[in-house]
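Structure first, commentary second.
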Amino acid sequence: MKPLTFERSTVGKIRVHVLPTNRFKTFAISVYVGRPLDEETVTPTALTPFVLRRGTEELPETQKFRERLDDMYGAGFGFDIYKRGDYQIVQFRMDIINDRFVSSNESLLQQGLNFIGNAVTKPATENGNFRDKYVEAEKSSLQKRIEAIVNDKIRYAAERCLEEMCKDEPYRLHPLGSIKDLESITPDSLFTYYKEWLRQAPIDIYVVGNTTLSEVENYVKQAFHIEAGEPVSYQMQVPAKRKVQERTVVEKLDVGQGKLNMGLRVHTSYSDEDYPALLMYNGVLGGYPHSKLFINVREKNSLAYYVSSRVDGHKGILSIQSGIEIDKYDKAVEIIKNQLEVMKRGEITPSEIEQTAAMLCNHLREVQDSAFEMISFDFNAVLSGKERTVASLLESIKRVNADAIRNIATKVELDTIYFLRDQKGDA
């Protein structure tokens with residue numbers, strides 16, 4: 001079977017990526033709008049999609065806006081805000097049924113692109129600004145989202161560890177922004193910022209479904225009302241080779257279980273040739289139930305309720321998360337550090353390599369079963385400038401051996417130990 005590949009072009013400053021396929025019964029549409037993480041802009045960027053979801057110039061009332069989705073056979077519309085490397089990304093998503101399966105006089109793909117195009121580029125306004133009631137209501141919505149992070153102690157500890165580790169870097173910023181900066185935003189200031197955001201941002205539109213590149217190009221030209229210009233590229237920074245000095249941060253809150261997190265510099269990114277080895281390193285270390293951290297910290301020594309590791313390949317950072325009894329801190333740190341040293345010595349069994357490769361390959365194969373997962377995978381190429389296919393990454397992973405994993409391990413440096421504990425005693 002011929003592998004599916006995205007076809008690409010540009011419409012003004014918008015990059016268009018289309019995967020023509022009849023494998024799915026729906027069209028998957030994603031619009032990515034990026035912005036470098038920055039203290040001044042992170043909060044208004046986060047607030048903008050909340051306001052945009054309330055209505056458009058054509059459908060200014062939120063109820064009518066949402067009813068329009070029902071009219072399109074229950075189309076789905078939503079957004080995510082996250083960070084990749086030192087960029088804050090807003091992703092608008094839409095899925096809409098293929099015309100073949102319903103009786104529609106007008107192209108549903110065209111209707112879907114018109115809807116998402118108007119939502120992003122022709123919002124509901126009054127007196128030349130965003131509607132007051134929408135901005136105030138969505139400021140409250142965003143504030144609740146930010147406050148919810150503190151209540152989820154696992155998520156809070158993970159964010160705080162990265163914040164401490166990257167305290168002098170843009171990556172320290174949370175993609176939802178901050179409550180203190182939210183307070184001063186007005187409909188006027190936000191609308192002014194929104195126009196600048198669209199003018200300066202990298203914008204990518206993805207469509208997966210039974211269509212063609214030329215058809216999507218025509219619909220995008222009609223649906224997206226953006227000032228003319230050249231496409232803006234992402235400028236991902238190569239992880240800096242910097243002197244790392246291990247530091248420990250202890251924070252006390254009203255918790256019953258300790259959260260021990262560690263941030264490590266891996267000095268390898270998505271665009272590097274040894275990225276597949278980094279994926280294998282993370283998998284053997286803490287990515288799966290057979291990993292060294294899970295077996296040695298949780299199973300053999302019963303020190304953790306949970307323990308795992310994850311990697312941000314666009315930033316070159318690996319993080320370890322664990323939940324432990326507060327009085328087990330010293331022992332847990334000792335065993336985790338020991339596993340890092342074990343990896344550096346190359347003490348990795350064939351079984352660990354085989355199991356990890358199998359898990360990674362299964363995940364990659366599953367990517368091809370979801371249109372939105374295929375989009376997310378391909379977007380990594382836009383961010384990094386390194387084009388990879390699922391097939392090529394599968395083959396690269398299968399070739400990774402113990403020496404390649406050890407080479408990654410020798411570059412890994414422990415940067416920050418973060419411990420969230422109760423108010424009593426000392427760490």
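The values are calculated or read from the model by the stated rules, or taken from the named source; none is laboratory data. Predicted model only: the values in this text are computed from it and were never measured. Every residue, glycine among them, receives a Cβ derived from its backbone with ideal geometry; neighbour counts consider all protein chains shown.
Taking the options 318, 383, name whichever one is in contact with a Leu (Cβ under 9 Å, 6 or more places away or on another chain), surrounded by 15 or more Cβ atoms within 10 Å (Cβ to Cβ) and not basic (Lys, Arg). It would help to see each step written out before you state the result.
Details: 383 fails: in contact with a Leu (Cβ under 9 Å, 6 or more places away or on another chain).
Among 318, 383, only 318 is in contact with a Leu (Cβ under 9 Å, 6 or more places away or on another chain), surrounded by 15 or more Cβ atoms within 10 Å (Cβ to Cβ) and not basic (Lys, Arg).
Going through segment 347-364 one residue at a time, which ones are more than 29 Å from residue 237 (Cα to Cα) and either in contact with a Lys or Arg (Cβ under 8 Å, 6 or more places away or on another chain) or in a loop (DSSP other than H, G, I, E, B) (or both)? Show your work before the answer.
If we filter segment 347-364 for residues that are more than 29 Å from residue 237 (Cα to Cα), which is where we start, we get 347-355, 358-359, 362.
Hits for segment 347-364 are 347, 348, 349, 352.
Listed here are the residues, each with its yes/no results for (1) at negative phi; (2) buried (at least 20 other Cβ atoms within 10 Å of the Cβ); (3) touching a residue at least 60 places away in the same chain (Cβ under 8 Å).
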residue: 204; (1), (2), (3): yes, yes, yes
residue: 209; (1), (2), (3): no, yes, yes
residue: 213; (1), (2), (3): yes, no, yes
residue: 219; (1), (2), (3): yes, yes, yes
residue: 222; (1), (2), (3): yes, no, yes
residue: 225; (1), (2), (3): yes, no, yes
residue: 243; (1), (2), (3): yes, no, no
residue: 246; (1), (2), (3): yes, no, yes
Quick check, is residue 238 surrounded by fewer than 14 Cβ atoms within 10 Å (Cβ to Cβ), at pLDDT below 95 and either assigned to a loop (DSSP other than H, G, I, E, B) or outside the structural domain of residue 368 (by TED's automatic domain parsing) (or both)?
yes
Just give me the residues in segment 26-73 being under 23 Å from the mean Cα position of the chain (by Cα) and of a type in the set (A, V, I, L, M), in sequence order.
28, 29, 31, 33, 37, 42, 46, 47, 51, 52
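Can residue 334 be described as without any contact (Cβ under 8 Å) to a residue 12 or more places away in the chain and closer than 30 Å to residue 26 by Cα?
On the way: without any contact (Cβ under 8 Å) to a residue 12 or more places away in the chain: yes; closer than 30 Å to residue 26 by Cα: no.
For residue 334, the condition - without any contact (Cβ under 8 Å) to a residue 12 or more places away in the chain and closer than 30 Å to residue 26 by Cα - is not met.
Going by the structure shown, is residue 205 modelled with pLDDT of 95 or more and within 18 Å of the chain's Cα centre (by Cα)? Break it down stepwise before answering.
Numbers: modelled with pLDDT of 95 or more: yes; within 18 Å of the chain's Cα centre (by Cα): yes.
Yes, satisfied.
Has segment 55-71 got at least one residue that is buried (at least 21 other Cβ atoms within 10 Å of the Cβ), touching a strand residue (DSSP E or B) at 6+ places or on another chain (Cβ under 8 Å) and over 22 Å from residue 376 (Cα atoms)?
First, the residues of segment 55-71 that are buried (at least 21 other Cβ atoms within 10 Å of the Cβ): 55-56.
Filter once more, keeping what is touching a strand residue (DSSP E or B) at 6+ places or on another chain (Cβ under 8 Å): 55-56.
With the extra rule that they be over 22 Å from residue 376 (Cα atoms), the set shrinks to 55-56.
There is at least one residue in segment 55-71 that is buried (at least 21 other Cβ atoms within 10 Å of the Cβ), touching a strand residue (DSSP E or B) at 6+ places or on another chain (Cβ under 8 Å) and over 22 Å from residue 376 (Cα atoms).
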Could you run through segment 3-23 and say how many residues are within 16 Å of residue 367 (Cα to Cα) and in a strand (DSSP E or B)?
1
Quick one: is residue 325 more than 23 Å from the chain's Cα centre (by Cα) and free of Cβ contacts under 8 Å to residues at least 12 places away in the same chain?
no
Do we find that residue 66 is of a type in the set (Lys, Arg) and more than 23 Å from residue 189 (Cα to Cα) in this structure?
yes
Residue that is under 18 Å from the mean Cα position of the chain (by Cα), assigned to a strand (DSSP E or B) and buried (at least 21 other Cβ atoms within 10 Å of the Cβ), where the choices are 307, 311
311
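Could you check segment 143-181 and list, in sequence order, the residues that are of a type in the set (A, V, I, L, M) and in a loop (DSSP other than H, G, I, E, B)? Break it down into steps so the answer makes sense when it comes.
Of the residues in segment 143-181, the ones of a type in the set (A, V, I, L, M) are 146, 148-150, 154, 157-158, 162, 165, 173, 176, 179.
Hits for segment 143-181 are 173, 176.
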Working carefully through the options 76, 85, find the one that is surrounded by 21 or more Cβ atoms within 10 Å (Cβ to Cβ) and either under 26 Å from the mean Cα position of the chain (by Cα) or modelled with pLDDT under 95 (or both).
85
